[in-house]
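The block underneath contains the structure these notes are about, expressed in structure tokens.
The values are calculated or read from the model by the stated rules, or taken from the named source; none is laboratory data. A quick note: this is a predicted structure, and the numbers were derived from the prediction, not measured. Cβ placement follows ideal geometry from the backbone for every residue including glycine, while neighbour counts extend to all protein chains displayed.
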Ligand code: GLU
């Protein structure tokens, strides 16, 4: 790896400005969001050679990649007889239903050329807001990544109504980066970065290479660089996405995808704006976990389990002595060690199941629950200790 800026301790991390190229080379997981105008040509056809090139480049990176691909609506609108953007929600949903099938197929083909499988993952906002669904979505993405499959995510446009929308795929991509603890979010669109003014009208406009903090001054620049393309996200939604992702510990690279080989250009230090992460993803997640209130139950651990989780392991059912309270999968529970309260976390089982499997080894869990267990009682990334 060329540069391990992403993985060094927090203190060094803050001191070291990382380039887009070094972030791409160093990130264990990168989320790459691709805007509609990059994927769908003016004639409504998918730009397959561009997609193939992108897959080829991303396949060369050392880390895993999750794609967030727009383009379903732009791709499908011709089939439902529209030669303009959809006006009603029903039009957009129908267009997305037609377009998504082509989009997913084209990605599957592009990745097949690299001997990789692609997987279609359609999410709605509710999938990330409600804990049991959030845990399911995360487990699915983690499993795909672990198996070397490339998840291709889009909003589930055919069912998402106004109130339950992410709004745009920039924000969806940021939430996905947060969900899986990605270290890098790349937003490829039709602008090559954040400018001090609109470059189309102001000859003095300068691209800002690095943004350390999303100050009100930076936010105010959102109006100056727009996106007139096929998608929904302008600079405002890019900055909103950058805020979500950097708060969650991911660096964000905003760059143009208009060229034939945008990732190649980035790897050669081409133009971009890098928004630097506020903290490492795990640190940000632990802070969030520590701040959660309102536990729904308690797990009493034995001394061995406490020792294991202090060492960074997940909490296994075998180390849980007693389960109290009434909780759903993904609810917050307090962890009580032999000497009292020691931490809290999100339980991967609902209280009834947790009671049945407490004290059991992983092999026995499958027998008792008559399905493959969902792994540890509390995953190490869902757990925080109070000392
Ligand atoms: N989900 C939309 C589509 O696939 C795109 C939304 C966006 O680009 O922000 O057409």
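Tell me, please, whether a residue that is in contact with a strand residue (DSSP E or B) (Cβ under 8 Å, 6 or more places away or on another chain) and either crowded, with 16+ Cβ neighbours inside 10 Å or modelled with pLDDT of 90 or more (or both) can be found in segment 41-52. Scanning segment 41-52 turns up at least one residue that is in contact with a strand residue (DSSP E or B) (Cβ under 8 Å, 6 or more places away or on another chain) and either crowded, with 16+ Cβ neighbours inside 10 Å or modelled with pLDDT of 90 or more (or both). Answer with yes or no whether residue 110 is away from the ligand (no atom under 13 Å from the Cβ), within 20 Å of residue 41 (Cα to Cα), buried (at least 19 other Cβ atoms within 10 Å of the Cβ) and in contact (Cβ under 8 Å) with a residue 24 or more places away in the chain. Answer is yes for this residue. Only residues that are within 19 Å of residue 312 (Cβ to Cβ) and modelled with pLDDT under 95 were counted in segment 322-336, giving 0. Hey, any hits in segment 201-213 for a residue that's in contact with a strand residue (DSSP E or B) (Cβ under 9 Å, 6 or more places away or on another chain) and surrounded by 19 or more Cβ atoms within 10 Å (Cβ to Cβ)? Taking every residue of segment 201-213 in turn, at least one turns out to be in contact with a strand residue (DSSP E or B) (Cβ under 9 Å, 6 or more places away or on another chain) and surrounded by 19 or more Cβ atoms within 10 Å (Cβ to Cβ). Segment 247-364 holds helices (runs of 4 or more DSSP H) entirely within its bounds, and those carrying 3 or more residues that are in contact (Cβ under 8 Å) with a residue 60 or more places away in the chain, more than 23 Å from residue 181 (Cβ to Cβ) and within 24 Å of the chain's Cα centre (by Cα) map to 262-267.
With respect to residue 203, is the statement that it is more than 16 Å from the ligand (Cβ to nearest atom), touching a residue at least 12 places away in the same chain (Cβ under 8 Å) and assigned to a loop (DSSP other than H, G, I, E, B) true? No: the conditions fail for residue 203. Does residue 103 satisfy the condition of being closer than 28 Å to residue 182 by Cα, surrounded by 24 or more Cβ atoms within 10 Å (Cβ to Cβ) and within 16 Å of the ligand (Cβ to nearest atom)? So residue 103 passes the test. Select from segment 27-37 the residues that are at pLDDT 95 or above and either out of contact with any strand residue (DSSP E or B) (no Cβ under 6 Å at 6 or more places or on another chain) or part of a strand (DSSP E or B) (or both) and write down the one among them that is surrounded by the fewest Cβ atoms within 10 Å (Cβ to Cβ). Out of the qualifying residues, it is 28. Remark: pairs (first residue in segment 167-184, farther than 21 Å from residue 381 by Cβ; second residue assigned to a helix (DSSP H, G or I) and within 16 Å of the ligand (Cβ to nearest atom); Cβ separation under 6 Å; 6+ apart in sequence or on different chains) = 168/237; 170/237; 170/238; 170/241; 171/240; 171/241. Number of residues in segment 67-100 that are in a strand (DSSP E or B) and either near the ligand (Cβ under 8 Å from one of its atoms) or more than 25 Å from the chain's Cα centre (by Cα) (or both): the value is 1. Residues in segment 52-66 that are assigned to a helix (DSSP H, G or I) and more than 17 Å from residue 187 (Cβ to Cβ): 52, 53, 55, 56, 59, 60.
So is residue 272 within 16 Å of the ligand (Cβ to nearest atom) and buried (at least 21 other Cβ atoms within 10 Å of the Cβ) or not? For residue 272, the condition - within 16 Å of the ligand (Cβ to nearest atom) and buried (at least 21 other Cβ atoms within 10 Å of the Cβ) - is not met. Which of the residues that make up segment 145-185 are within 16 Å of the ligand (Cβ to nearest atom), modelled with pLDDT of 90 or more and in a loop (DSSP other than H, G, I, E, B)? Correct list: 156 only. Quick check on segment 1-16. Is at least one of its residues modelled with pLDDT of 90 or more and assigned to a helix (DSSP H, G or I)? No; the residues of segment 1-16 include none that is modelled with pLDDT of 90 or more and assigned to a helix (DSSP H, G or I). Report yes if residue 330 is farther than 15 Å from residue 135 by Cβ and touching a helix residue (DSSP H, G or I) at 6+ places or on another chain (Cβ under 8 Å), otherwise no. So residue 330 fails the test.
Among the residues of segment 120-135, none qualifies, meaning not one is at pLDDT 95 or above, away from the ligand (no atom under 11 Å from the Cβ), in contact with a strand residue (DSSP E or B) (Cβ under 6 Å, 6 or more places away or on another chain) and assigned to a loop (DSSP other than H, G, I, E, B).
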